[in-house]
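In what follows, a single structure is set out as structure tokens and then discussed.
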Amino acid sequence: QVLLVESGGGLVQPGGSLRLSCVASGLVISQYDMSWYRQAPGKERELVASITNTGERTAYADSVKGRFTISRDNANNVVALQMNSLSSDDTAVYYCNGRHFDCGIIEYWGRGTQVTVFS
């Protein structure tokens with residue numbers, strides 16, 4: 001079976017940092033574009049960052065540019081999100097997403113990890 005499992009969330013002080021990880025199993029991760037989404041209370045899910053299947057290109061939401069960095073390690077089936085200079089606006093459940101690079105209808109989601117920025 002295919003699984004995406006997020007980890008690394010938690011409570012962090014404003015201005016602090018967290019590193020989220022997503023470990024994939026049951027698929028060849030190099031065939032998937034990977035993304036991080038988040039959903040805050042009372043808000044719609046938004047795309048935070050994405051990276052192409054072999055890491056050639058990355059993209060970020062305007063709200064996180066310069067603060068967040070997405071990366072991947074295909075050999076170990078891992079995608080990560082380094083988050084710096086966190087503020088309360090970053091509080092959300094963060095989800096890992098994989099979409100097949102050639103057949104985009106094939107898509108998988110993790111169950112999410114909570115990030116709370118609070119003093």
>> Looking at (1) open to solvent by less than 70 Å² (accessible area, probe 1.4 Å); (2) assigned to a helix (DSSP H, G or I), which one does A75 not meet, given that it meets all the others?
In response: (1)
> Given the structure, is S25 of a type outside the set (V, I, T) and touching a residue at least 60 places away in the same chain (Cβ under 8 Å)?
Replying inline: no
> Residues in the stretch 101-119 that are under 16 Å from the mean Cα position of the chain (by Cα) and not hydroxyl-bearing (S, T, Y): how many?
Replying inline: 7
>> What pairs come out if I take residues in the stretch 59-88 that are over 18 Å from Y108 (Cβ atoms) and modelled with pLDDT of 95 or more and pair them with residues that are open to solvent by 50 Å² or more (accessible area, probe 1.4 Å) and not in a loop (DSSP other than H, G, I, E, B) whose C-beta lies under 6 Å away, six or more apart or interchain?
In response: Q82/R19; Q82/T69
> Taking strands (runs of 3 or more DSSP E) that do not extend beyond the stretch 78-119, which have at least 1 residues that are among the aromatic types (F, W, Y) and on the phi > 0 side of the Ramachandran plot?
Replying inline: none
> Of these, S35, S71, S87, which one is under 16 Å from G10 (Cβ atoms) and small (G, A, S)?
Replying inline: S87
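The values are calculated or read from the model by the stated rules, or taken from the named source; none is laboratory data. Owing to the predicted nature of the structure, the values given are computational and were not obtained by experimental measurement. As a convention, Cβ positions derive from the backbone with ideal geometry for all residues, glycine included, and neighbour counts pool all protein chains shown. What goes into the accessible areas is simple: the full protein's heavy atoms, side chains included, and nothing from ligands, DNA or RNA. Shrake-Rupley method; radii C 1.70, N 1.55, O 1.52, S 1.80 Å.
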